[in-house]
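S.K.: I'd like to ask some things about the structure below.
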Amino acid sequence: MTDTKKVNLLGLSPTKLIEFFESIGEKKFRATQVMKWIHQKGAESFDEMTDVSKALRAKLETICEIRAPEVVSQNISKDGTRKWIIRTEGGKNDCVETVLIPDGDRATLCVSSQVGCSLDCSFCSTGKQGFNRNLTPAEIIGQVWIAIKSFGPMDPNGPRRVTNVVMMGMGEPLMNFEPVVDAMILMMHDNAYGLSKRRVTLSTSGVVPKIYELIKRTDVSLAISLHAPNNPLRDELVPINRKYPIAELLEACQHYLANLPDKRHITIEYTLMSGVNDNEEQAHELAELLKDLECKINLIPFNPFPHSGYEKPSNNRTRRFQKILADAGYTVTVRTTRGDDIDAACGQLVGDFHDKTRRSQKYIELREVSQ
Ligand code: SAH
Ligand code: SF4
């Protein structure tokens, strides 16, 4: 089939789209036109592109395509949370999940970057699954495209369906660097989704050299999955710490902040596990550790999954941990076990997609129950 050889324009960054049009002997501005059609008007075929000449449309038809990943299931809860199971090109079980969480006039999309993950954090079910494959740029930006299109025809002048993106779904985004960067550039580009750089956040468990690369390429916001206030414990929970210990990670964060064009903070994510990293001493140690970093702390009570070996702490314990940090002067938020907590659920997908569908349903129900 010639189809498989067609270039998928959905995932091409603005620069690559221009290069593509130049490579087929067309002018640069065609790339801008086509980019707007795809990402702002949701065009799925070249026929729709009425300001592109018929001859060019016919030419594009033969050599390229606009192909989003396949949606296996879509769940829309009463409160507006939307979840999709998306099948990637790897095979029938290579699925990832995307979640849209509305919150007042904001709507945050939690996007996946890999099927599985190689970094094997001890409390993460994506990690338990091992690494399957990297998503392509089209599969990453396709999650944004699918989420927006789920509201009906795309309208660049209509209400914004997605205001924030967090790369907190399955996978470690910095281990799939180029495709993730290309997709994030599209998310922020004026001729595509036009999201504010403050509202696109990449979450990493600490692939330090790539943090230095990232700031050369984009200026998205950064979240760090820290989870421990010292190296011995972090070595156990987040094995990549053995390669890039906490001091190196925090230095990379300082470098990142110093090289942003505006003043911003790092988000520190800390998953609380009962009896593991949630005692008072550890809270004080964390407060001391982060004292020189411009940051906000997001506490995530552990989301249980079968055979994890961990438990979530009681609300009292969580609040005590939060209070110690707040008293030390930090802004600390707690993700409660409701729909808000769905970001964490993104990080804990496992098994085949039937399993995931049940899990989605569970979180949707959880949210509804808590309303
Ligand atoms: N790989 C990236 C992004 C995906 S994980 C990272 O690690 O940052 C998104 C977030 O969910 C991370 O902070 C991760 O530590 C957290 N997470 C993973 N499993 C979890 C679980 N079972 N309970 C609570 N948070 C979890
Ligand atoms: Fe990978 Fe993030 Fe899970 Fe760690 S927490 S295994 S880096 S997805």
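S.K.: Looking only at the range 163-200, count every residue that is in contact with a strand residue (DSSP E or B) (Cβ under 6 Å, 6 or more places away or on another chain) and assigned to a loop (DSSP other than H, G, I, E, B) and tell me the total.
M.R.: Qualifying residue count for the region: 5.
S.K.: Could you tell me whether Glu280 is touching a residue at least 24 places away in the same chain (Cβ under 8 Å), open to solvent by 80 Å² or more (accessible area, probe 1.4 Å) and touching a strand residue (DSSP E or B) at 6+ places or on another chain (Cβ under 9 Å)?
M.R.: no
S.K.: Kindly provide the set of residues from the range 83-107 that are away from ligand 2 (no atom under 16 Å from the Cβ) and surrounded by fewer than 21 Cβ atoms within 10 Å (Cβ to Cβ), ordered by number. Let's see the steps before the verdict.
M.R.: From the range 83-107, those away from ligand 2 (no atom under 16 Å from the Cβ) are 83-87, 89-93, 100-107; that's our starting set.
Of everything in the range 83-107, those that are away from ligand 2 (no atom under 16 Å from the Cβ) and surrounded by fewer than 21 Cβ atoms within 10 Å (Cβ to Cβ) turn out to be Arg87, Glu89, Gly90, Gly91, Lys92, Asn93, Pro102, Asp103, Gly104, Asp105, Arg106.
S.K.: Tell me, please, whether a residue that is over 30 Å from Met49 (Cβ atoms) and either in a loop (DSSP other than H, G, I, E, B) or not assigned by the TED database to the domain that holds Ala228 (or both) can be found in the range 147-159. Don't jump to the end; show me each part of the working.
M.R.: Within the range 147-159, the subset over 30 Å from Met49 (Cβ atoms) is none.
No; the residues of the range 147-159 include none that is over 30 Å from Met49 (Cβ atoms) and either in a loop (DSSP other than H, G, I, E, B) or not assigned by the TED database to the domain that holds Ala228 (or both).
S.K.: Taking the conditions exactly as written (of a type in the set (D, E, K, R) and surrounded by 17 or more Cβ atoms within 10 Å (Cβ to Cβ)), does Glu288 satisfy them or not? Give the steps one after another, and end with the answer.
M.R.: On the way: of a type in the set (D, E, K, R): yes; surrounded by 17 or more Cβ atoms within 10 Å (Cβ to Cβ): no.
Spelling it out, it is not the case that Glu288 is of a type in the set (D, E, K, R) and surrounded by 17 or more Cβ atoms within 10 Å (Cβ to Cβ).
S.K.: Working carefully through the options Leu349, Leu299, find the one that is within 15 Å of ligand 1 (Cβ to nearest atom), touching a helix residue (DSSP H, G or I) at 6+ places or on another chain (Cβ under 9 Å), at negative phi and at pLDDT below 95. Talk me through it step by step, then tell me what you get.
M.R.: Working: Leu299 fails: at pLDDT below 95.
Step by step, each of Leu349, Leu299 is checked, and only Leu349 is within 15 Å of ligand 1 (Cβ to nearest atom), touching a helix residue (DSSP H, G or I) at 6+ places or on another chain (Cβ under 9 Å), at negative phi and at pLDDT below 95.
S.K.: Does the range 195-205 include one or more residues that are away from ligand 2 (no atom under 16 Å from the Cβ), under 22 Å from the mean Cα position of the chain (by Cα), over 23 Å from Asn298 (Cβ atoms) and not aromatic (Phe, Trp, Tyr)? Even if it seems obvious, please write down each step before you answer.
M.R.: As a first pass, look at the range 195-205 and keep what is away from ligand 2 (no atom under 16 Å from the Cβ): 195-200.
Going one step further and asking which of them are under 22 Å from the mean Cα position of the chain (by Cα), we end up with 195-200.
From what's left, over 23 Å from Asn298 (Cβ atoms): none.
Within the range 195-205 (the criterion being away from ligand 2 (no atom under 16 Å from the Cβ), under 22 Å from the mean Cα position of the chain (by Cα), over 23 Å from Asn298 (Cβ atoms) and not aromatic (Phe, Trp, Tyr)), the answer is no, since none of the residues qualifies.
S.K.: Something else: Residues that are crowded, with 23+ Cβ neighbours inside 10 Å, modelled with pLDDT of 95 or more and in a helix (DSSP H, G or I): does the range 215-232 have at least one?
M.R.: Taking every residue of the range 215-232 in turn, none turns out to be crowded, with 23+ Cβ neighbours inside 10 Å, modelled with pLDDT of 95 or more and in a helix (DSSP H, G or I).
S.K.: Here's something else I'd like to know. Pick from the range 119-131 the residues that are polar (S, T, N, Q) and surrounded by fewer than 21 Cβ atoms within 10 Å (Cβ to Cβ): which of them is farthest from the chain's Cα centre (by Cα)?
M.R.: Just the residues of the range 119-131 that are polar (S, T, N, Q), to begin with: 122, 125-126, 129.
The next check asks that each one be surrounded by fewer than 21 Cβ atoms within 10 Å (Cβ to Cβ); those that pass are 122, 129.
Details: Ser122: 20, Gln129: 18 Å.
So the residue we want is Ser122.
S.K.: Within the range 314-335, count every residue that is touching a Lys or Arg at 6+ places or on another chain (Cβ under 9 Å) and either of a type in the set (S, T, N, Q) or within 14 Å of ligand 1 (Cβ to nearest atom) (or both).
M.R.: As a first pass, look at the range 314-335 and keep what is touching a Lys or Arg at 6+ places or on another chain (Cβ under 9 Å): 318, 328-334.
Narrowing the set further to residues that are either of a type in the set (S, T, N, Q) or within 14 Å of ligand 1 (Cβ to nearest atom) (or both) leaves 318, 331, 333-334.
Looking only at that region, the number is 4.
Rundown of residues vs (1) touching a Cys at 6+ places or on another chain (Cβ under 9 Å); (2) at pLDDT 95 or above; (3) assigned by the TED database to the domain that holds Leu272; (4) aliphatic (A, V, I, L, M), yes/no style:
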{"residue": "Met175", "(1), (2), (3), (4)": "yes, yes, yes, yes"}
{"residue": "Asp182", "(1), (2), (3), (4)": "no, yes, yes, no"}
{"residue": "Ile185", "(1), (2), (3), (4)": "no, yes, yes, yes"}
{"residue": "His189", "(1), (2), (3), (4)": "no, yes, yes, no"}
{"residue": "Gly194", "(1), (2), (3), (4)": "no, yes, yes, no"}
{"residue": "Ser203", "(1), (2), (3), (4)": "no, yes, yes, no"}
{"residue": "Ile240", "(1), (2), (3), (4)": "yes, yes, yes, yes"}
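The values are calculated or read from the model by the stated rules, or taken from the named source; none is laboratory data. All values derive from a computational prediction rather than experimental measurement. Here the Cβ is made from the backbone with ideal geometry for all residues, glycine too, and neighbour counts use every protein chain on show. Remember, those area values only see protein heavy atoms, side chains included, never the ligands or the DNA or RNA. Shrake-Rupley method; radii C 1.70, N 1.55, O 1.52, S 1.80 Å.
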